[in-house]
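The values are calculated or read from the model by the stated rules, or taken from the named source; none is laboratory data. Note that the coordinates shown come from a computational prediction; the quantities given were computed from them, not determined experimentally. Neighbour counts run over all protein chains shown; Cβ positions are idealised from the backbone, glycine included. Just so you know, the surface numbers come from the protein's heavy atoms only, side chains and all, with ligands and any DNA or RNA stripped out. Shrake-Rupley method; radii C 1.70, N 1.55, O 1.52, S 1.80 Å.
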Amino acid sequence: VFIAFVVIASVFSYTLLGSGFLADEMTRETVQEGVFRASGALILSGDIYGISATGLDPPCYDFLHVPLRVPSGGAPVDFSRVSIRLLCRQNRQELVRHNPLLSTAPSWGKWSIRDVSGGDGDSILEPGEQFVINISPMSLVGLQQNKQFTLEIKPSGMAPLRIVRTVPPKVTPVGVLL
């Protein structure tokens, strides 16, 4: 009877330990996936510039130039799968990728890759490269003097980059956003 009890207890403990190791492995994989997604995020690599080309009243910026890069050791970001939103108090805009994606002047309501530095000319941003994104919003209300806006750049499957900026009190043809 004692031997049967020991055998049953050992089988039961082996089963519990096995399921514990399996749960531990699944937790480890989940944590590693989360770290990968966070480390693959984009970072700002300089000042954001506003370009005023239309001379509207009240003065506002028509285009935004946003320099981006991937942090050292980060995963490459495929910009053909990136979404960009412009959020301000008055409206929210989901901007569309311009076709072709590598273009200096996107249409209204679209964004494009304006400049590629240190890269191979494709739409994948890799460590050591820098893209300058040109954003041309459909509505310019949030880009007027003293207005604050949020730019959200979201690579597919990765953490979004949220940038909060304010348009300066004086809009010039080319200006750094605060």
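Some values worked out for this structure:
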| quantity | calculated |
| --- | --- |
| Neighbour cut-off at most 13 other Cβ (10 Å), DSSP loop, trypsin sites (Lys or Arg not before Pro), region 56-121 | 89 |
| Whole-Å distance, taken between Cα centres, linking region 133-173 and region 71-90 | 13 |
| Rounded FRET efficiency, nearest 0.05, which uses the C-beta distance separating residue 102 from residue 162 and R0 of 25 Å | 0.50 |
| Rounded accessible area per residue of region 37-122, 1.4 Å, Å² | 50 |
| Carbon and sulfur %, accessible surface of region 45-178 computed with the full protein complex present, 1.4 Å | 50 |
| Inter-label distance for residue 49 and residue 152, nm, one decimal - labels placed 7 Å from Cα along Cα-to-Cβ | 2.8 |
| Neighbour net charge for residue 118 - beta-carbon separation under 10 angstrom, K R +1, D E -1 | -2 |
| Stretch gain in nm, segment residue 9-residue 115, where the contour uses 0.36 nm per residue and the Cα spacing is subtracted | 31.4 nm |
| Cut-off 10 Å between beta-carbons: net charge of the residues surrounding residue 160, Lys and Arg +1, Asp and Glu -1 | +2 |
